[in-house]
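Note sheet for the following structure.
What follows is calculated from the coordinates using simple rules that are stated; it is not laboratory data. Treat the numbers as computed from the prediction; the structure is a model and nothing was measured. Here Cβ is always computed from backbone atoms with ideal geometry, including for glycine, and neighbour counts include all displayed protein chains.
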Amino acid sequence: MLSLPVLRAGFLARRGVLGLAAVRATHSHGKSVAIQENMSVPHYIEKRNYPLPDVPYRRDLSVDEKALMEKQKGSWKELSNEEKLALYRIKFCQTYVEMNRPSNEWKTILGVTFMFLGFTGLILAWQRYYVIPNKPHTLSDEWKAKQLKRMLDMRTNPVEGLASQWDYDKNEWKK
Amino acid sequence: MSSLLPKPQMRGLLTRRLRFHAVGAFVFCFGSALIYKFGVAEPRKRAYTEYYKNHDPVASFEALREAGVFESVRPKGK
C-alpha cells in the first residue's frame, strides 16, 4: 500500500478515503501518520502525459451543480458560457494552460547541480594536491624532446607518418 | 459534413519502406567503400611506390647508423 504525504487532505476527503485510514492524530508521540490512499479505486490524475483522468475531479456536487449536470444531458446549445465553464471545472481541476504553466524549478535544479559540481571540483583539487603522485620523469619536456629526436633518428613511419614530416636536410619540420 | 480526404495508401507500405532503405543502404555502403578506396587506399599505395622507387637501403642504413640508434654497430666515428 502506498503512503502519500498529506498535501491535499481536503481533496482526499472528498474521495471518501477517510473512512479507510484517517490521520491518526492520537499517537502517543503527537506526530501524524500519512494518509494511506486507497489505491484500489481510480484516482483523478492531472498530468501532461496522462490526458484522460479516470474520474471527474468533483464527486460530491452541490444542488446547483447537480441541476447543471441534468441540464447538460439535453442540447448543449442551451448552455451559457458560464455554465460550460462550470461543467469544465466540475470535470477537471485545472485547464491545460494552468496545468502546463512554466515554473522556476529549472533555476533551482541548475543552481544545485552547479553547486554539487563545484563541490566535486574542490574534492578533485584536494585529491590532485594531496593524493595523486607526481608525473613520471618520462613526461618532462626534456625527456619528451629526446624521445622525439630518437624517433626521428630511427625514421619511424617514413612513408606517411612522423618521419615523413621532418626535413632531414634542413633539420626542421617540413612546411 | 466536411469534404472527403483522399484515400491513403493501404498496401505495400513495408515493401516501399524496405525498397527505399535497401537502395539507400547499397548506395551508402558502396559509396563509403569507393570513398575509402580513392581517398585513402590509392593515395597510400602511391605514397609507398613513390617512396620506394628511388630508395637506397644502404644509404638509409648508414644514416641510421650515424644517428646512433643501433646497438650492433656504432657510428663510423668510433
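What helices (runs of 4 or more DSSP H) completely inside segment A:70-175 contain at least 1 residues that are surrounded by 10 or more Cβ atoms within 10 Å (Cβ to Cβ) and within 14 Å of chain B (Cβ to nearest Cβ)?
On the way: elements: A:81-91, A:96-99, A:105-130, A:141-153.
Ranges flagged: A:141-153.
Here A:Asp54 meets each of (1) assigned to a helix (DSSP H, G or I); (2) within 26 Å of the chain's Cα centre (by Cα) with one exception, condition (1).
Restricting attention to segment B:24-73, the residues that are away from chain A (no Cβ under 13 Å), surrounded by 11 or more Cβ atoms within 10 Å (Cβ to Cβ) and within 26 Å of A:Asn171 (Cα to Cα) add up to 1.
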